[in-house]
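Asks: Here you go, one structure.
The values are calculated or read from the model by the stated rules, or taken from the named source; none is laboratory data. Since we're looking at a predicted model, the values are computed, not measured. Here Cβ is always computed from backbone atoms with ideal geometry, including for glycine, and neighbour counts include all displayed protein chains. Each accessible area value is taken on the protein alone, full model and side chains, heavy atoms only, with ligands, DNA and RNA left out. Shrake-Rupley method; radii C 1.70, N 1.55, O 1.52, S 1.80 Å.
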Amino acid sequence: MKVSNKSITKIKEFEGVRLRAYKAVPSEKYFTIGYGHYSKDININTTITIEKADEYFLKDISNVERQVNSLGLSLNQNQFDAICDFCFNIGFAKFQTSTLLKKIKENAPIIDIQREFLKWNKSGGKVLLGLIKRRVWESNLFAQ
């Protein structure tokens, strides 16, 4: 499966685009640039064009799609999109060990799966409004 165009637009909206490297929270190991491109190859002085931001995004979202597809889950398009956004944001490795994935694999009731999305609302130990909004969107999308 591939992430739908409407969800790509939403992921980009959540991420925002930054053409100069930054750290969303000081405790992050690496810098971020573009639409959430997080990499050891980015440093404080890195700047990019919007075209490069789009290039990074397409590569990053393709990697997430491949990783989520590799799990062999039976998902509808909205569920796939919700999980891909979640993985794009927190990283596939964290998703693989999450209770969220466990509940999806167990075919838990949708409401239980939705609650798991909502638990992931912190960055650097702090609850962030942007993450609350993102998790609500993902959990609602997953239920459709």
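Asks: Taking only protein heavy atoms into account and a 1.4 Å probe, give the accessible area per residue of the chain in Å². It would help to have the intermediate numbers written out before the result.
Replies: Details: 8050 Å² over 144 residues.
Accessible area per residue, the chain: 56 Å².
Asks: Can you give the Rg to Rh ratio of the chain, both from alpha-carbon atoms, with Rh computed by the Kirkwood formula? Show your work: numbers first, answer last.
Replies: Numbers: Rg = 15.0 Å, Rh = 15.6 Å.
My calculation puts Rg/Rh at 0.96.
Asks: Compute a Gaussian network model of the chain, connecting alpha carbons closer than 10 Å, and tell me which residue from LEU75, LEU100, LEU129 fluctuates the most.
Replies: LEU129
Asks: For the chain, set up a GNM with springs between Cα atoms under 10 Å and report which of ASP60, ASP81, ASP41 has the largest fluctuation.
Replies: For the chain, modelled as a Gaussian network with Cα springs under 10 Å, the answer is ASP41.
Asks: How large, in percent, is the carbon and sulfur part of the accessible surface of the chain at a probe radius of 1.4 Å? Spell out each step's value before the answer.
Replies: Values: 4130 of 8050 Å².
The C+S portion of the solvent-accessible surface of the chain is 51 percent.
Asks: Let me ask another. Only four residue types carry charge here, +1 at the Cβ of Lys and Arg and -1 at the Cβ of Asp and Glu. Report the dipole size of region 1-103 about the Cα centre in Debye, rounded to the nearest 20.
Replies: On the way: 15 positive and 11 negative charges, 55 e Å.
Approximately 260 debye in magnitude.
Asks: From the backbone phi of region 25-34, what are the Karplus-calculated ³J(HN,Hα) couplings (6.51 cos²θ - 1.76 cosθ + 1.60, θ = phi - 60°) in whole Hz, Gly and Pro given as x?
Replies: For region 25-34, the Karplus curve yields 9, x, 6, 5, 6, 10, 8, 10, 8, x Hz.
Asks: Which residues' amide hydrogens lie under 5 Å from the amide hydrogen of PHE31, considering only partners 5 or more residues apart or on another chain, with H built in the peptide plane?
Replies: SER39, ILE42
Asks: Return the calculated 222 nm mean residue ellipticity for the chain, to the nearest 500 deg cm²/dmol, obtained by summing -39500 (n - 2.57) across DSSP H runs with n ≥ 4 and dividing by the residue count. Walk me through the intermediate numbers first.
Replies: Values: 7 runs with 80 residues, N = 144.
Calculated mean residue ellipticity at 222 nm is -17000 deg cm²/dmol.
Asks: Tell me which of ILE8, ILE50, PHE95 sits at the most positive position along the dipole axis of the chain, charges placed on C-beta atoms (Lys, Arg +1; Asp, Glu -1).
Replies: Towards the positive end, the residue furthest out is PHE95.
Asks: In a Gaussian network model over the chain where Cα atoms closer than 10 Å are linked, find which of GLU15, GLU51, GLU65 has the largest mean-square fluctuation.
Replies: GLU51
Asks: Check cross-link reach from LYS105 to the aspartates and glutamates: straight Cα distance under 19 Å, and skip same-chain residues fewer than eight apart.
Replies: Counting by Cα, and skipping residues close in sequence, LYS105 has these aspartates and glutamates nearby: GLU65, ASP81, ASP85, GLU116, GLU138.
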